[in-house]
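A.B. asks: Quick one: the structure is below, questions incoming.
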Amino acid sequence: MFLIIRKREPLRQSPSRKSKSTSQTIYQISIYSSRAVLNRLLTMEEKSSSKTQGKAIRCKAAVCRKPGEALVIEEIMVAPPMPGEVRVRIICTSLCHSDITFWKMKDPPAIFPTIFGHEAVGVVESVGEDVDEVSEGDVVIPTFMSVCGECADCISKKSNLCSKYPFKICPWMPRYETSRFTDLKGQVLYHFIFVSSFSEYTVVDVCNVTKIDPAVPPNRACLLSCGISTGFGAAWKTAEVEKGSTVAIFGLGSIGLAVAEGARLCGAARIIGVDINPNKFEFGKKFGVTDFVNAANCGSKSVSQVINEMSGGGADYCFECVGLASLVHEAYACCRKDESFFKTSGLG
């Protein structure tokens, strides 16, 4: 939610918006996470979609004009969806570290002015032509990974990388390479990885939305579009963690904890969490973490050596959830080497 962003960098109110304070604006946006407000929004959407369908909508968004600068709450115009697209009223959005990474980035593929945000949940306000997967009033999660459902990769059970609309860092809509955002002066505002959820309304391709049960709390559902599905899916779908196995997780942030939950539900007998913050161990226990290694307190031993010793030769599955090359090396070094490894690697 915008409230989360404010903790990192103060939000400024647009000069043209003098009637309401920044704190009021943040409150109005973040309160959409409540269940009662969601029900009211669904009712409102049913009544108002006929009035706005096919027309541009004027709304508020957190716009980043330059790299590293504070996001500014501005009024913008959101164009109606084109064929194959969906316009969504954002209910709740969270902050992913990827947003911060691109916010700081001064060179391409970063481009400004832009509207960040990609972990969100919302209500379909209107749909473009040739869209029958979702309808007005549906509660959906926007995702930056496209699923056309038709190409060989989408049909395959071994891949989730759509070849018809492949993921790329692009400031446009995937089908038409144009933007649906402009400011009140008519300047184009760029999209962020096909979602741009730091806006009251956004337009996404129908291949980038997933319909969900409206009973799911919005402030939980928004996490499913990126961090939670990434970690949980890595353990459950990609690695297919086996019952009784040992798992090592490097980094107990949201993705690492999601990996732990996925491994726990897969039946892992031992889940070793690695982090430099010992306070995360107690929290990690709720997600199935059974052992903790403080990476900053291993003495003369490397983290991989510690894990190899405590697991009797290494973990069956290792997940690096921080994004550091050094930790990737450590994770690989403490992954148990079985007979199949030596055969496939040519070492035996």
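The values are calculated or read from the model by the stated rules, or taken from the named source; none is laboratory data. Values in this document were obtained by computation on a predicted structure and should not be read as measured data. Methodologically, a virtual Cβ is constructed for each residue, glycine included, from the backbone with ideal geometry; neighbour enumeration extends over all protein chains shown. Remember, those area values only see protein heavy atoms, side chains included, never the ligands or the DNA or RNA. Shrake-Rupley method; radii C 1.70, N 1.55, O 1.52, S 1.80 Å.
A.B. asks: At a probe size of 1.4 Å, how large is the accessible area of Asp213, to the nearest 10 Å²?
C.D. replies: It works out to around 90 Å².
A.B. asks: Where Lys and Arg each count +1 and Asp and Glu each count -1, what net charge lies around Cys207 among other residues with Cβ under 11 Å from its Cβ? Write down the numbers at each step before the final one.
C.D. replies: On the way: positive: Lys164, Arg175; negative: Glu85, Glu133, Glu150, Asp205.
Here the count lands on -2.
A.B. asks: Assuming 0.36 nm per residue, please report the length gained on full extension of the stretch Arg58 to Glu309 beyond their Cα-Cα distance. Spell out each step's value before the answer.
C.D. replies: Details: separation 251, 0.36 × 251 = 90.36 nm, distance 6.02 nm.
Extra length from Arg58 to Glu309 when fully extended: 84.3 nm.
A.B. asks: Sticking to Cα atoms, compute the Rg of segment 198-348 to one decimal and its Dmax as the biggest Cα-Cα distance, whole number, in Å.
C.D. replies: Just the Cα atoms of segment 198-348 yield Rg and Dmax of 17.3, 58 Å.
A.B. asks: Continuing with the same structure: Under 19 Å Cα-Cα from Lys55, which aspartates and glutamates qualify once same-chain neighbours fewer than 8 residues away are excluded?
C.D. replies: Within reach: Glu45, Glu46, Glu75, Glu85, Glu125, Glu129, Asp130, Glu136, Asp183, Glu200, Asp205.
A.B. asks: Once amide H atoms are built 1.01 Å from N in the peptide plane, which residues 5 or more positions from Ala248, or in another chain, come under 5 Å H to H?
C.D. replies: Counting only residues 5 or more places away or on other chains, the set is Ile272, Tyr317, Cys318, Phe319.
A.B. asks: Using the Karplus curve 6.51 cos²θ - 1.76 cosθ + 1.60 with θ = phi - 60°, work out ³J(HN,Hα) for each residue of segment 312-322 in order, rounded to whole Hz, and write x for Gly and Pro.
C.D. replies: Going residue by residue, I get x, x, x, 7, 6, 9, 10, 10, 9, 10, 10 Hz, with x marking Gly and Pro.
A.B. asks: Given H placed on each backbone N at 1.01 Å, which residues far from Cys92 in sequence or on other chains put an amide H within less than 5 Å of it?
C.D. replies: Val121
A.B. asks: Quickly rank 234-244, 156-166, 283-293 as a protection proxy: mean count of other C-beta atoms within 10 Å, highest first. Don't skip to the end; give the middle numbers.
C.D. replies: Details: 234-244: 15.9, 156-166: 13.3, 283-293: 18.5.
Answer by packing, highest mean first, reads 283-293, 234-244, 156-166.
A.B. asks: Restricting to Cα pairs below 8 Å that are 6+ residues apart, what does the relative contact order work out to for segment 82-131? Please round to a whole percent.
C.D. replies: On the way: 66 pairs, mean separation 33.0, N = 50.
Computed over segment 82-131, the figure is 66 percent.
A.B. asks: Going toward the positive end of the dipole of segment 49-122, with +1 on Lys and Arg Cβ and -1 on Asp and Glu Cβ, which of His118, Pro108, Pro81 do you reach last?
C.D. replies: The Cα lying farthest towards the positive end belongs to Pro81.
A.B. asks: For segment 183-261 and segment 263-314, what is the separation of their C-alpha centers, rounded to whole Å?
C.D. replies: Answer, in whole Å: 24.
A.B. asks: With a cap of 16 neighbouring Cβ atoms within 10 Å, and only residues DSSP puts in a loop, list the chymotrypsin sites (Phe, Trp or Tyr not before Pro) found in segment 108-217. Working shown, then result.
C.D. replies: Working: sites: Phe116, Phe144, Phe167, Trp172, Tyr176, Phe181, Tyr190, Phe192, Phe194, Phe198, Tyr201; in loops: Phe116, Phe144, Phe167, Trp172, Tyr176, Phe192, Phe194, Phe198.
In loop regions of segment 108-217 (DSSP not H, G, I, E or B), the sparsely surrounded chymotrypsin sites (Phe, Trp or Tyr not before Pro) are Phe167, Trp172, Tyr176.
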